[in-house]
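Below is one structure, written out as structure tokens; comments come after it.
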Amino acid sequence: MDYEQFFGLKDTPFRLTPDPDYYFPSDVHKEALQTLLYSIRAQEGFIQITGDPGTGKTLTLRTLLKQLGDEVTTALILNPRLSPQELLKVILEDLGISPLKMEERSKEELLRFFRDILLEKAQKGVHTVLIIDEAQNLPNDTLEELRLLSNLETEKKKLLQIILVGQLELEDKLKSPDLKQLDQRITIRYRLKPLTREDTVAYINHRLRIAGGSDTTHFSPRVLSEVYKVSGGVPRLINIICERALMAAFVDGKNTIEKDHLKKALNSIAGEKPVKRRRAAAAQQTPSSSMLVPILLSLLLLVALAGVGYQFFFLSGSSVKVAAPTQKSGIVKGVIAEDGRLTGAAVTGGDPTPQTAAQDKPGSSEPWIPVPPVEAFYVPPSQFFLAINRDNRKAYLWQGNEPAPVLKAEFDWPQQLPDGLFVLGENINKNEFFFNYPLFFWRSPRLPSTTLWKEIAGLVNTNAVPVLSYSASRQTKPADINRAREIRGIIKDWAEAWRNKEIDKLLGYYGNIFTTYYDDQDQPAVYTNEQLHKIKNDVFLRSGPISLTVSDPICFVDPTNPEMMMAFFHQKYVSQVYSDEGIKVKYFALIKDDNGGRSWKIVAKLWVPQVLFQH
């Protein structure tokens, strides 16, 4: 029996997909929807809707689209990282124009084509509305193009109405001097806010009712109050917390979700101690002033449905004092035996002298010989990775070699990290970063002003290295390593499907939810498999022949969860419209497939470009 059956539900009440059937008309969201409907009927030029991540912008849009009649036609853009000409083509395609009709056409021809379509629709009494979600990601030149498109008009009225929907940084972006003319054209602005305490309670009960929940299934008053405190009223965060709490109650066989179930839910997502700190801080703040932590946490929780549980942490201190790297007198190799045990061999200017790897434990007279962690099960020759041993607060820089990686340098690592997979490096803008999936602290204020990257950069031939934080007390089974070895073949097949533009085969390697992290964005982009299919299909239609070169990947198993792993590789992509080169990190999870088994699926990626070139 699954938990929906146990609670008598017909549907999953707290899923993250923006389903209009679950739209909750809080005062804020109802006013936002009414504002949009009014502005469309009044045919206002530019409308701006903003809000923090997870506050319900996309769901409000989906609900709006369901309420529009035949007198309105819409073009909805979900991936706005487009050049001006690419944007124009995507708009035309969304209005029903075949991409084949747009091939080999100049921008001027496309503009004339677009104007003719708008005129034709206007003559039939149909109003055209362009809606762009995540509009904060629009390049400035593309935003300027939108302003020019808004000039398309007859003597009596505008032919195109534009609604920009995005996060709060969209407001700041439009205030920049370069976009002053566009900002002056925005006639209606509305900012979505989190739910109030009363609306949070009503929201939870509303979703249970829509999903068919009976009166016997409910959250206790104390739990409802705690959910509001922890979430800050952010709907997306409420959904994930409540989903986990339902699971905890199901495991206990209880219909009422009590405080212990909420505690288990929060611990499974964010770790026990930081949750208590967050709640204590929330009790001393107003909901608006406590929003930063829930927003950061909501980014972490976007991938919670993949079943990944990490211990939440904060990077300690404002800076890190890094000891100078110390080269060993010789070369120290670590060897992994067939049964997964760690052994080592020291080479000191002569023949190797085999020694058993002694753990760094009090009272041990044996020398401690570092060996690569078994979770770093594949490292190609000459590739680098950093292993952080949490037991002795040391970081070891390893380079791939046969029969095992070679130790290149040793560093002190005073920070306390959880076990997990990270990426450390410098992006194309020369900004250092320390990234973890799903804990998302990209360029966070908590990022130390000094990291090991300055010391590592002079020793490696890349702008980023994968990092494995581990404890010798945690053991990964050899069977888990063997299952993870499938990833190298999947990466090869994935790249081949991309080169051949076999979209169905390519999308078969992805999970139902896919999260993308960009080096220049503070927020991830989350796509369903259907949305990703549409985006990739559009790319393939416009790209022409594709050249894709990927290096042999460095492969790590997550020490906290052997059903999650990371593949780190160099990628170079060339097509007739776009080229780039850089570091790509793919995150895989074991997910149940249609045959009842489980297979590795790509659930997220991190992209760190080194070279970008727009044709």
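Annotations
- Residue count for the range 114-123 satisfying the condition of being open to solvent by 50 Å² or more (accessible area, probe 1.4 Å) and closer than 12 Å to LEU92 by Cα: 2.
- Residue count for the range 95-109 satisfying the condition of being within 31 Å of the chain's Cα centre (by Cα) and open to solvent by 50 Å² or more (accessible area, probe 1.4 Å): 1.
- When residues of the range 1-26 are limited to those that are in a helix (DSSP H, G or I) and at pLDDT 85 or above, the one surrounded by the most Cβ atoms within 10 Å (Cβ to Cβ): TYR22
- Contact map, the range 116-131: residues that are within 17 Å of ALA42 (Cα to Cα) paired with residues that are open to solvent by 50 Å² or more (accessible area, probe 1.4 Å) and not in a helix (DSSP H, G or I), Cβ distance under 7 Å, separation 6+ or inter-chain. Pairs shown: ALA122/THR154; GLY125/GLU71; VAL126/GLU71; HIS127/GLN43; HIS127/GLU71.
- Pick from the range 371-388, criterion of a type in the set (Gly, Ala, Ser) and in a loop (DSSP other than H, G, I, E, B), ranking: farthest from GLY582 (Cα to Cα): ALA376
- The set of residues in the range 517-540 that are modelled with pLDDT under 85 and of a type in the set (Val, Ile, Thr) comprises VAL526, THR528.
- Cross-chain or 6+ apart pairs with Cβ under 8 Å, the range 538-559 first and at positive phi and without any contact (Cβ under 8 Å) to a residue 60 or more places away in the chain, then part of a loop (DSSP other than H, G, I, E, B) and buried (at least 17 other Cβ atoms within 10 Å of the Cβ): GLY544/SER575
- Cross-chain or 6+ apart pairs with Cβ under 8 Å, the range 487-512 first and more than 16 Å from ASP538 (Cα to Cα), then part of a helix (DSSP H, G or I) and polar (S, T, N, Q): TYR510/ASN529; GLY511/ASN529; ASN512/ASN529
- Tally of residues being of a type outside the set (Ser, Thr, Tyr) and within 25 Å of TYR578 (Cβ to Cβ) across the range 55-95: 20
- Enumeration of residues in the range 589-607 that are farther than 19 Å from ASP493 by Cα and of a type in the set (Asp, Glu): ASP594
- Test: residue in the range 198-218 that is at pLDDT 90 or above, aliphatic (A, V, I, L, M) and outside any helix (DSSP H, G or I): no
- Being open to solvent by less than 50 Å² (accessible area, probe 1.4 Å) and farther than 22 Å from PRO194 by Cα holds for only one residue in THR35, THR74, and it is THR74.
- 2 or more residues more than 28 Å from TYR470 (Cα to Cα) and touching an Asp or Glu at 6+ places or on another chain (Cβ under 8 Å): qualifying strands (runs of 3 or more DSSP E) within the range 521-611: 561-574
- Filtering THR50, THR55 for residues that are open to solvent by less than 30 Å² (accessible area, probe 1.4 Å), assigned to a strand (DSSP E or B) and touching a residue at least 40 places away in the same chain (Cβ under 8 Å) leaves a single hit, THR50.
- Enumeration of residues in the range 468-477 that are open to solvent by less than 50 Å² (accessible area, probe 1.4 Å) and either over 20 Å from TYR587 (Cβ atoms) or not aliphatic (A, V, I, L, M) (or both): SER469, TYR470, SER471, ALA472, THR476
- Any hit, the range 12-31, residues being touching a Lys or Arg at 6+ places or on another chain (Cβ under 8 Å) and of a type in the set (D, E, K, R): yes
- Output for the range 59-71, where each listed residue is within 16 Å of PRO18 (Cα to Cα) and open to solvent by 40 Å² or more (accessible area, probe 1.4 Å): ARG62, LEU65, LYS66, GLN67
- Residues that are modelled with pLDDT of 90 or more number at least 2 in the following strands (runs of 3 or more DSSP E) confined to the range 389-441: 394-399, 406-412, 420-426.
- Some residue of the range 510-519 being open to solvent by less than 20 Å² (accessible area, probe 1.4 Å) and in a helix (DSSP H, G or I): no
The values are calculated or read from the model by the stated rules, or taken from the named source; none is laboratory data. Bear in mind that the values here come from a model prediction, so they are computed numbers and not experimental data. Cβ atoms come from the backbone with ideal geometry, glycine included; neighbour counts cover every protein chain shown. For accessibility, only protein heavy atoms count, side chains too; no ligands or nucleic acids. Shrake-Rupley method; radii C 1.70, N 1.55, O 1.52, S 1.80 Å.
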